[in-house]
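Just so you know, all these numbers are worked out from the coordinates, no wet-lab data involved. Predicted, not measured: the structure shown is a model, and the values here were computed from it. Because the Cβ atoms are built from the backbone with ideal geometry, glycine has one as well, and the counts that use them run over all protein chains shown.
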Amino acid sequence: MGLFKEFKNFLMQGNVLELAVAVIIGAAFGSIVSSLVDHIITPLLLTPALEAAQVDNIEKLHWGAVKYGNFLSSIIKFLLTAFVLFLTLRTMNKISKNNKAADQLPAPSETDQLLTEIRDLLKNKQA
């Protein structure tokens with residue numbers, strides 16, 4: 001059980017959790033940027049260029065090529081991912097706080113402190 005406890009403590013360290021959050025949020029945000037480029041910017045730039053290259057078919061910008069639904073879908077996925085990550089971290093923080101509170105022993109009372117001092121004095125006199 002010692003190895004499992006050490007591994008759990010390693011995972012619950014702030015640095016590991018921060019790195020995991022950064023990787024997850026970075027990947028989700030990367031999908032938003034990719035979707036913006038693939039579904040919005042590229043069709044807007046390439047459609048007129050391709051149409052202008054065709055001598056027989058010169059038309060205005062073709063908005064049907066822009067897939068704004070895919071871009072909105074990427075944004076919604078990002079928001080849902082961030083929300084689930086928030087709920088997960090919030091739960092982990094609550095569990096961590098409960099474990100820390102359970103691990104801390106209450107301070108000894110004045111009576112216990114006095115009895116400890118008396119015991120220590122008696123040991124020193126006998127030695």
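Starting from the Cα-Cα distance between L122 and V33, subtract it from 0.36 nm times their residue separation and give me the gain in nm to one decimal. Mind dumping the intermediate values first?
Values: separation 89, 0.36 × 89 = 32.04 nm, distance 7.42 nm.
Net length gain for the segment: 24.6 nm.
Could you tell me the calculated FRET efficiency between A107 and E6, based on Cβ-Cβ distance and R0 = 22 angstrom, to the nearest 0.05? Provide the component values of the computation, followed by the final result.
Details: r = 28 Å, r/R0 = 1.27.
Once the sixth-power term is evaluated, E becomes 0.20.
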